[in-house]
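Trainee: Encoded as structure tokens, here's the structure I'll be asking about.
Read the figures in this text as sums done on the coordinates, not as results from a lab. Keep in mind that this is a model prediction, so the values were computed, not measured. Methodologically, a virtual Cβ is constructed for each residue, glycine included, from the backbone with ideal geometry; neighbour enumeration extends over all protein chains shown.
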Amino acid sequence: MSDRKPFYITTPIYYPSDNLHIGHAYTTVAADCSARFKRMQGYDVFYLTGTDEHGQKIERVAREKGVETKAYVDKIVANIKVLWEKLLITNDDFIRTTELRHEKAVQEIFQRIYDKGDIYKSVYKGWYCTPCEAFWTERQLVDGKCPDCERPVEMMSEESFFFAMSKYQDRLLKHIEEHPEFIQPESRRNEMVNFIKGGLEDLCVSRTTFQWGIPVPFQEGHIIYVWFDALTNYLTAIGFGSEPEKFERYWPCDVHLVGKDIVRFHTVIWPIILMAADLPLPKQVFGHGWLMLEGGKMSKSKGNVIDPLVLIDKYGVDAVRYYLLKEMTYGMDGYYSEDMLVSRINADLANDLGNLISRTAAMVGRYFDGIVPAPVEPDDLDRELKETAREAVLECEKQLDRIDYSAALGAIWRLVSRANKYIDETAPWVLAREEASRGRLATVIYNLVESIRIITVAAAPFMPTLPVRVNEQFSFFKDPERITWEEAKSWGLLVPGGKVHKKENLFPRVEADQHKKMNAKKEDKGPDKPAVEAAQNREGEYITIEDFARLDLRVAEVKAAEKMKKADKLLVLTLQVGDEERKVVSGIAPWYAPEELVGKKVVLVANLQPTKLRGVMSEGMILAASEGDRLEVLTLASDFPSGGKVR
């Protein structure tokens, strides 16, 4: 066995009643991000995912489709494995509850608890929710429906075995009180404490009305309750009952990452099973929020699911993973729309990160023949950039440890933003004009390349193809798939003299006609007439925040201006936008003489589709205010750096 510290993380095992959607993809990508991060830190990681294949619901669905149950789930499991491959999931095992190794583990746990006297036979009569595979008492129902999924329940009456959960209520509460990290985030812990204090009842843990499941080892005709079966998967995959050395190494689990809808099963039923079996409890159960659509929760039963495979094919795996991990704020629900995904790609990946990489590679080529120079003249701006890099990596590490992927990415992007601002502050294109500034220029370019190296390392758990693709331009790593977290924490590891090969932008912008908008009309819920009329009167006036985010507004300095020949209203402006020069044709000649504009800082719509006007290609539009016969170009104070973003 390795002498490295073990780290064991799991996703829920997914129910293969149908193909998985992007909500399932989030959980698996999130756990993968943590697994990759811990491997980079040097941990001996074991990452588990899999499928929960037993239960009455699966049996019914297969029967309705006229397919043998095992053959039905085999097909869906194959599709799930393809999805995980496409998302570059690095799970160490894929557990299926139909495997023999799992059946043996479940029966051993069940027998152990029965022998202890905590499983007993009685008659069950109560409400059962087939989709959730959950039993409910009358008082737990909400308007006569399942409190979890709000779907109808059915009365069940049969001879069953029961698990004496109520016996462990006080012990579980004590454990939660003594280990506040056990249930995270805090809001979930509070919910579960209140649930437990409301009183636990003994749980029905066997069924006789169907056969698709694991048999009770000591009673013919009884099938073990599907959640008892499913939860035990976390023990099976690390060798419970078969590989004691492996089991002792990885158990207890460091993190069970689950959706908030199944936190109760993982923080009430599961720990009590472990207590009854005399096994340690997991260190933490983290219940994340749901990925919501405009119409509510994404659900296979509702038919409103988004296929992540389609998105990967359209936008690439790094972009899809980035969006999922950025969009879900710590413990809260996130929202999905394809427009929001495209906005994230364009704003964060294309404009911010992609542009930083592209501009820097271009400047290395332009000013140093593609060779990374050695730094020689540091100043306060450099020290500030280095400190931002140090703080960003430490904050990213902290947030990854607390499973806040969005905040971790936010920390990295503070460095991305600071590096872009550093370009504007240092103005390499100005330094390049004077031979006396050659040393300062070399320092600036080195610092930019080093910033990109650190960003690439820190972003690797989130976007696993990024190091490979960046390495094709900068040759940072001997093996871009085996970089370590320490490489992000140390400034100055970049060795001058490396060759830079500028290539196409790593994250090209997605134009409006490249993606199909998925904005369905809101369901008419029958609001009062005045509200309807008010909404109709406002139609066409509002844009969404996603619409606004698609605008790339930049500070631009007017370097030259001249009247267009044979066009009285048009001026041709030459604009400096960071290290890029653009031509813009603007209809402001009646209000401004060309010389009035030279040297002014204006606001440019930088991502407007270029168009040819009177034979001149116009690459954007400047903003102006107008009223009647008045017009005034929007200008900024002269100390605003050109190329800076306007938000």
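Trainee: Given a Förster distance of 56 angstrom, what is the FRET efficiency for Ala637 paired with Asp261, based on the Cβ-Cβ distance and rounded to 0.05? Can you show the working numbers first?
Mentor: Working: r = 52 Å, r/R0 = 0.92.
So, using R0 = 56 Å, E works out to roughly 0.60.
Trainee: Once you have the Cα-Cα distance between Arg630 and Glu248, take 0.36 nm times their residue separation minus that, and quote the gain in nm to one decimal.
Mentor: My answer for the length gained is 129.7 nm.
Trainee: Now, a different point. Of Lys5/Lys314; Lys121/Lys260; Lys503/Lys645; Lys503/Lys612, which sit over 30 Å apart, Cα to Cα?
Mentor: Cα-Cα > 30 Å for Lys5/Lys314; Lys121/Lys260; rest within.
Trainee: Name the helices (complete DSSP H segments) of the chain with a Cα length along the long axis of 18 Å or more and a Kyte-Doolittle mean of at least 0.5, or state none.
Mentor: 438-459
Trainee: Can you give me the relative contact order of the chain as a percent, contacts being Cα pairs under 8 Å and 6 or more apart?
Mentor: 12
Trainee: Can you list the aspartates and glutamates whose alpha carbon sits under 17 Å from that of Lys499, skipping same-chain ones fewer than 8 residues off?
Mentor: Leaving aside aspartates and glutamates fewer than 8 places away in the same chain, those within reach of Lys499 are Asp369, Glu450, Glu472, Asp479.
Trainee: Could you tally the net charge around Ser160, taking each other residue with its Cβ under 11 Å from the Cβ of Ser160, Lys/Arg +1 and Asp/Glu -1? Provide the component values of the computation, followed by the final result.
Mentor: On the way: positive: Lys121, Lys125, Arg207; negative: Glu158, Glu159, Asp202.
Computed value for this residue: 0.
Trainee: Restricting things to alpha carbons, find the Rg to Rh ratio for segment 551-636 using the Kirkwood radius for Rh.
Mentor: Answer for segment 551-636: 0.93.
Trainee: Calculated from the structure, Kirkwood radius over Cα pairs in Å equals which of (i) 28.2; (ii) 32.0; (iii) 27.0?
Mentor: Correct label is (i).
Trainee: With the Cα gyration tensor of segment 204-299 in hand, give its eigenvalues times 5 under a square root as the equivalent ellipsoid semi-axes, listed largest first in whole angstrom.
Mentor: Gyration-tensor ellipsoid for segment 204-299: 26, 22, 11 Å.
Trainee: Something else about it: Figure the gain on full extension for Asp93 and Asp3 (residue separation times 0.36 nm, minus the Cα-Cα span) and round it to one decimal in nm.
Mentor: Contour length minus Cα-Cα distance gives 30.3 nm.
Trainee: What nm distance separates the two modelled labels at Asp379 and Glu481, each placed 7 Å from Cα along Cα→Cβ?
Mentor: 4.4
Trainee: Moving on. Report the gain in length on full extension from Ser157 to Phe218: 0.36 nm times residue separation, minus Cα-Cα distance, nm rounded to one decimal. Present the calculation step by step, with values, prior to reporting the outcome.
Mentor: Working: separation 61, 0.36 × 61 = 21.96 nm, distance 2.12 nm.
Taking Ser157 through Phe218 to full extension adds about 19.8 nm, to one decimal.
Trainee: Still on this structure: Is there a pair in Lys75/Lys246; Lys421/Lys601; Lys57/Lys246 whose C-alpha atoms are over 24 Å apart, and which pairs would that be?
Mentor: Cα-Cα > 24 Å for Lys75/Lys246; Lys57/Lys246; rest within.
Trainee: Now for a different question. For the chain, build the charge dipole from Cβ charges (+1 Lys, Arg; -1 Asp, Glu) around the Cα centre, then report which of Gly331, Gly644, Tyr43 sits farthest towards its positive end.
Mentor: Gly644
Trainee: Further, regarding this structure: Give, rounded to the nearest 20 debye, the magnitude of the charge dipole that segment 551-636 has about its Cα centre when Lys and Arg contribute +1 at Cβ and Asp and Glu contribute -1 at Cβ. Please report the intermediate quantities before stating the final value.
Mentor: Details: 13 positive and 13 negative charges, 69 e Å.
Dipole of segment 551-636, to the nearest 20 debye: 320 debye.
Trainee: With labels modelled as points extended 7 Å from the Cα through the Cβ direction, what inter-label distance (nm, one decimal) is found for Lys86 paired with Glu64?
Mentor: The modelled label-to-label distance comes out at 2.5 nm.
Trainee: A follow-up question, please. Report the charge-dipole magnitude of the chain in Debye, nearest 20, computed about the Cα centre from +1 at each Lys and Arg Cβ and -1 at each Asp and Glu Cβ.
Mentor: 1060
Trainee: For segment 119-208, rounded, prolate or oblate, judged on the Cα gyration tensor with a ≥ b ≥ c (square roots of eigenvalues), a/c < 1.5 rounded, else prolate if a/b > b/c?
Mentor: Verdict is oblate for segment 119-208.
Trainee: Average the reciprocal distances over every distinct pair of alpha-carbons in segment 68-140, invert the result, and give the Kirkwood radius in Å.
Mentor: On the way: mean 1/r = 0.0618 Å⁻¹.
16.2 Å is the Kirkwood radius here.
Trainee: Now a separate question. Decide, for segment 1-136, between rounded, prolate and oblate: order the square roots of the alpha carbon gyration tensor eigenvalues as a ≥ b ≥ c, take rounded if a/c falls under 1.5, and otherwise choose prolate if a/b is larger than b/c, else oblate.
Mentor: It comes out oblate by the Cα gyration axes.
Trainee: Suppose only helical runs count, i.e. DSSP H with n ≥ 4. What mean residue ellipticity at 222 nm does that imply for the chain under -39500 (n - 2.57) per run, divided by all residues and rounded to the nearest 500 deg cm²/dmol?
Mentor: Details: 23 runs with 249 residues, N = 647.
So the calculated ellipticity at 222 nm is -11500 deg cm²/dmol.
Trainee: Going by C-beta contacts inside 10 Å, put Leu394, Leu279, Leu356 in order with the fewest on the left.
Mentor: The fewest-first ordering by Cβ neighbours comes to Leu394, Leu279, Leu356.
Trainee: Which value, in debye to the nearest 20, gives the size of the charge dipole of segment 301-367 about its Cα centre, when Lys and Arg are +1 and Asp and Glu are -1 at the Cβ? Mind showing how you got there, number by number?
Mentor: Values: 7 positive and 9 negative charges, 54 e Å.
Charge dipole of segment 301-367: 260 debye, to the nearest 20.
Trainee: Cβ under 13 Å from Pro185's Cβ, Pro185 left aside: what net charge do those residues give with Lys, Arg +1 and Asp, Glu -1?
Mentor: Charge balance near Pro185 sits at -1.
Trainee: Just for the chain, what percent of DSSP beta bridges are antiparallel, to the closest 5?
Mentor: Expressed as a percentage, antiparallel bridges in the chain total about 70.
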